[in-house]
Structure formats: structure tokens, C-alpha cells
């Protein structure tokens with residue numbers, strides 16, 4: 001039986017999600033590196049959490065690293081740690097993410113965003129699972145289960161020379177592909193009701209159950225933002241109430257374009273409609289600029305004159321697809337085995 005606390009994050013009865021759950025169970029029996037792939041918003045981080053909790057390492061920590069969010073100049077200090085005096089401001093020694101995750105799981109999310117130079121530094125550690133803190137020459141063994149996530153096609157990236165082949169083969173021992181929400185449309189009512197229940201409790205609201213006709217519309221929608229978009233829609237329904245507030249925002253895009261809402265709602269206050277229109281316009285602008293820059297997020301952020309982190313946040317909140325399509329479609333479980341490691 002699927003009993004991990006992460007089950008609420010991987011709900012559904014579709015064949016696609018059941019297959020993922022079986023793959024996670026099988027992978028949890030080993031310590032082999034796992035690469036979780038899939039579109040943005042499909043729940044790769046949730047699958048990583050479930051895999052961690054199902055494994056024998058579940059009693060230890062899982063440390064998540066959002067690779068794009070770490071500036072390149074801080075990559076080594078964040079992941080490998082540093083000693084006192086290693087650089088200006090390093091007053092005390094600090095362990096990195098590898099050491100923090102020792103005996104547990106390290107999840108490197110969006111690993112496909114790493115620059116080639118940073119990939120080489122990461123590979124050196126993954127070859128023998130030993131880290132050297134900045135300002136030190138001492139090698140520190142680390143015992144971790146490595147899970148990586150990406151919404152990119154890393155095989156295509158390898159062929160294009162933007163991702164190291166040796167790193168790819170190091171992390172891609174077991175592969176789990178998260179299905180898009182449109183590939184499991186039958187799970188939409190289950191997930192929608194689940195999120196509505198969560199935010200009803202959180203916000204102290206009790207909205208009416210969605211009608212069967214509304215659910216049918218949601219099931220037929222393509223969900224470009226996948227689970228993240230569905231969750232945001234459920235949250236909006238709980239806060240605003242009324243099916244018209246969520247159904248009117250669903251406009252099927254033509255050829256991948258994001259279309260603005262083109263009709264006014266005579267029953268909705270102006271401030272709400274104005275806010276919704278601004279959000280829709282911002283979503284369209286970001287989408288168009290991303291496409292113009294062939295889905296290069298850093299170039300897009302510079303073009304829009306916003307920080308890279310701010311762009312990632314806006315992409316996530318808008319439920320926009322974030323992949324770029326320009327290039328085409330031995331276990332350590334016993335305490336005596338840990339001796340001398342992560343000390």
C-alpha cells in the first residue's frame with residue numbers, strides 16, 4: 001500500500017501516475033542515483049520527496065538544491081562548504097549541502113540549468129563522493145542518495161554540447177518520467193478537490209463543490225502549467241468563489257500562445273478584473289520574450305530588466321511552460337558502514 005506522507009502529493013488513479021508510484025517503490029530499494037524528468041510543474045520535487053521517504057534514508061534529512069537559484073560564484077561554497085577565513089566574510093566554518101544531507105538524500109533540482117564549468121565541479125564530487133571545503137585541503141567523505149530533476153531533454157543537451165555526457169551518465173542510472181497533467185486528465189477531479197480542501201482549511205472558506213460540467217471543462221483543458229497551474233486555480237476558486245472566476249481564465253492557447261482574457265464579467269468588482277487582466281498581460285509578455293530568446297531564461301531576465309530569480313518566480317506563479325523547445329522534442333544502511341563518513 002502507498003503509505004508515504006507524500007501520497008497526497010502524488011494522488012491519482014490513472015495508469016500514468018500508478019506507474020510512477022511503482023517506479024518510486026522499486027527505486028527506493030536501492031541507493032542508485034535517480035534522474036526525474038518531466039515538464040515544469042509535474043511534481044518532480046514531490047516524487048523526489050516520496051522516494052526519499054520510502055527509502056531507508058527517510059529517517060534522515062532530504063536537502064533540496066535549486067540549481068538555477070545559486071549564483072555561479074557561490075556554487076562551491078553552497079554545495080561543498082567553506083572554512084573560516086576562506087574568503088571575506090567567512091568568519092566561521094560552514095558545511096555545504098553535501099555534508100548537510102549526509103546519511104540522507106540530496107536533491108539537485110533543475111540540474112540542466114548548470115553551466116558547463118559548474119557541471120565539471122559537481123562531477124568531481126560525484127565520482128568518489130568526497131568534498132573539499134573552500135579554504136581546506138581535507139577531503140570529507142559524504143554518504144548521500146543523489147536525486148536530480150530536470151525539465152530539459154538532457155540527451156539533446158549532451159548532443160548540443162551544453163551538458164556533459166559523463167555527468168549525464170553519472171546521474172541517469174535510474175530514470176523516472178513524470179507525466180504531464182493532460183496525460184492523466186482523469187486525475188484532475190481528484191487533484192482539484194484535494195487542493196480545494198487544503199486551501200479551504202487554510203483560508204477558512206467553504207466554497208460550493210464544483211459542478212460536474214465545470215469538472216468536465218477542467219478535464220478537457222490542456223494544463224500547460226500542469227499541477228502548479230491546477231493548484232493555483234484551486235486557490236483562486238477558494239478565495240474568490242464562483243466557478244466563473246476560474247473558468248473564464250481558461251483559454252485554450254493556439255499553437256502554444258498565451259491568450260489574454262477577452263471578455264469582462266459584469267458580476268465581478270473592477271479591482272479583481274483589473275488585477276486579473278494585469279496578470280494575464282504579464283504572463284503574455286513573459287511568454288513572448290521567452291520565446292523570442294529561445295527559452296533562454298537568463299537572456300529573458302536581462303531583456304525584461306528583472307533578476308533571474310524574479311523571472312523564475314514569475315514563470316512559476318503564472319504556470320508558464322519553462323522548457324525550451326528550440327532544439328527539438330552498494331547501500332550504506334548499517335551504522336558501522338557510516339563510521340568515518342560525514343564526521
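Taking a spot 7 Å from the Cα of residue 69 along the direction of its beta carbon, which residues of region 32-58 have an amide N less than 18 Å from it? So the set is 40-50.
Computed over region 5-179, the Cα gyration tensor eigenvalues convert (square root of 5λ each) into semi-axes of 29, 19, 14 Å, ordered from largest to smallest. Between region 288-304 and region 36-52, what is the separation of their alpha carbon centroids in Å? Here the answer is 25 Å between Cα centres. Summary value for region 39-193: 26 percent relative contact order, contacts being C-alpha pairs under 8 angstrom separated by 6+ residues. Computed packing ranks the peptides 116-122, 131-137, 220-226 as 220-226, 131-137, 116-122, most packed first, by mean other Cβ atoms within 10 Å. Report note on the peptides 97-104, 83-90, 164-171: ranked by the mean count of other C-beta atoms within 10 Å, highest first, their order is 97-104, 164-171, 83-90.
Only the coordinates and a few stated rules stand behind these numbers; no lab work does. The model shown is predicted, which means the values in this text are computed figures rather than measured ones. All Cβ positions, even for glycine, are placed from backbone atoms using ideal geometry, and neighbour counts span all protein chains on display.
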